[in-house]
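Take a look at the structure set out below.
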Amino acid sequence: MFGKKGKNVQPLPAKRRDEMPNVKEGLTFKQWKAKHAPTHKWRNKRWAVLILLNTLFWASFFFDISVLEGSLSGSRFFGIYLMDIFNSLQQILIGIRTGHFAMLTMNFFIGLGVIITFYFLVGGRTFCSWICPYHFLAENAEKLHNWLVKKKKIKEHNYAIGVKYIAFVMFLLLALLTKQLVFEDMNPVGIISRSIIYGPSVLLLWVLALLLFEIFHTKRFWCRYVCPMGVAYSAVGTITPTSVKFDLDKCGHCRDCQDVCLVPHELWFVKRGEATKEVHFTGADCTRCGLCVDTCYGGALKITVKGVEKLL
Ligand code: SF4
Ligand code: SF4
């Protein structure tokens, strides 16, 4: 059988009943879940960071202080330049097409280098769950979507996760052909970020339409299947040392972690009889949001940094 990573790896034998974590604690599966109820530890930390950073953008503009100036497309943090990767890719392509490279200054490349280094270390899509204001809204809208599904008012719709790579190429081609940052006019991340900093714009209606579509039709449509910013960050964080570590021995195979995950394919190994090793790590699409860690009843999942794990 082929493992999920495309390698010809045999899964380990499924656990026997006496090897299940609830049986080891002398509990039924229901009692075990009730004893280790989910927490909001990582979610609270994450939301605090997200709200703080987005407030800092606003405060720096409003009070004219040099703390975090600009927006999520391009900014300066205490004078250090920061450039969003996908925005930079579009600008480079437009520069190549038009022959005008005035925007591509040394500070532009320094900003891009700082961001690439940072997200390589913390894991690519960390931006999504720890900084992106659209993720924050969509994460909360998802609760309403889940409630509607549970009440059988709507059905779940899922598509191939690879669709986002088509969107990534399409938006780059649009920049190349039109010589404009077309994506930025429909990017909910930039729209919300600019609205927080400079005041609301009519483009917020587009963001609202997206959220309504996600609530009533496809869960997390933008983040899962479209956002090229997420694709760019995940590419940078592919071989990051920071990820979620899975310990097969502690897993009860309830799969509740997959239910709360934006990218459940990253947790493929939690399904009974699928893991090919005792320890697995999540990959590049994982946003390091910690929702799965907060949910896991057996403590089988934890955010870790390879190499310094013992110090943490
Ligand atoms: S890792 Fe996932 S499937 Fe396994 S016990 Fe934890 S929440 Fe359940
Ligand atoms: S695997 Fe866990 S940390 Fe990664 S995105 Fe899913 S829920 Fe968040």
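Read-outs: derived from the displayed coordinates by stated rules, not from any lab. Owing to the predicted nature of the structure, the values given are computational and were not obtained by experimental measurement. Don't worry about glycine lacking a Cβ; one is built from the backbone with ideal geometry, like all the others, and counts go over all protein chains shown.
Number of Lys-Lys pairs in the stretch 2-92 under 20 Å by Cα, sequence gap 8 or more or different chains? Walk me through the numbers before you get to the answer.
Details: LYS4/LYS15; LYS15/LYS24; LYS15/LYS30; LYS15/LYS33; LYS24/LYS33; LYS24/LYS35; LYS33/LYS41.
Pairs that pass both the separation and distance tests number 7.
Order these by the 10 Å Cβ neighbour count, fewest first: GLU142, GLU278. Before the final figure, lay out the partial values.
Working: GLU142 18, GLU278 10.
The most exposed by this proxy come first: GLU278, GLU142.
Compute the Cα gyration tensor for the stretch 1-74, then decide on rounded, prolate or oblate, letting a ≥ b ≥ c be the square roots of its eigenvalues: rounded whenever a/c is under 1.5, prolate when a/b is larger than b/c in the other cases, and oblate in all that remain.
Details: a/c = 7.62, a/b = 2.04, b/c = 3.74.
The shape class here is oblate.
With a sphere of radius 13 Å drawn around the Cβ of SER234, what net charge do the other residues whose Cβ falls strictly inside it have (Lys, Arg +1; Asp, Glu -1)?
Working: positive: ARG125, LYS164, ARG224, ARG288; negative: GLU266, ASP285.
So the surrounding residues net to +2.
With charges only on Cβ, +1 for K and R and -1 for D and E, what is the dipole size of the stretch 1-130 about its Cα centre, in debye, rounded to 20? Before the final figure, lay out the partial values.
Numbers: 17 positive and 6 negative charges, 217 e Å.
The calculation lands at about 1040 debye.
Take peptides 149-156, 280-287, 117-124 and line them up by average Cβ neighbours within 10 Å, highest first, as a rough protection proxy. It would help to have the intermediate numbers written out before the result.
Working: 149-156: 10.1, 280-287: 23.1, 117-124: 19.2.
Taking the mean over residues of other Cβ atoms within 10 Å, the ranking is 280-287, 117-124, 149-156.
Taking the chain as a Gaussian network, Cα atoms linked when under 10 Å apart, which of SER71, SER88, SER243 shows the biggest mean-square fluctuation?
Top of the fluctuation ranking is SER88.
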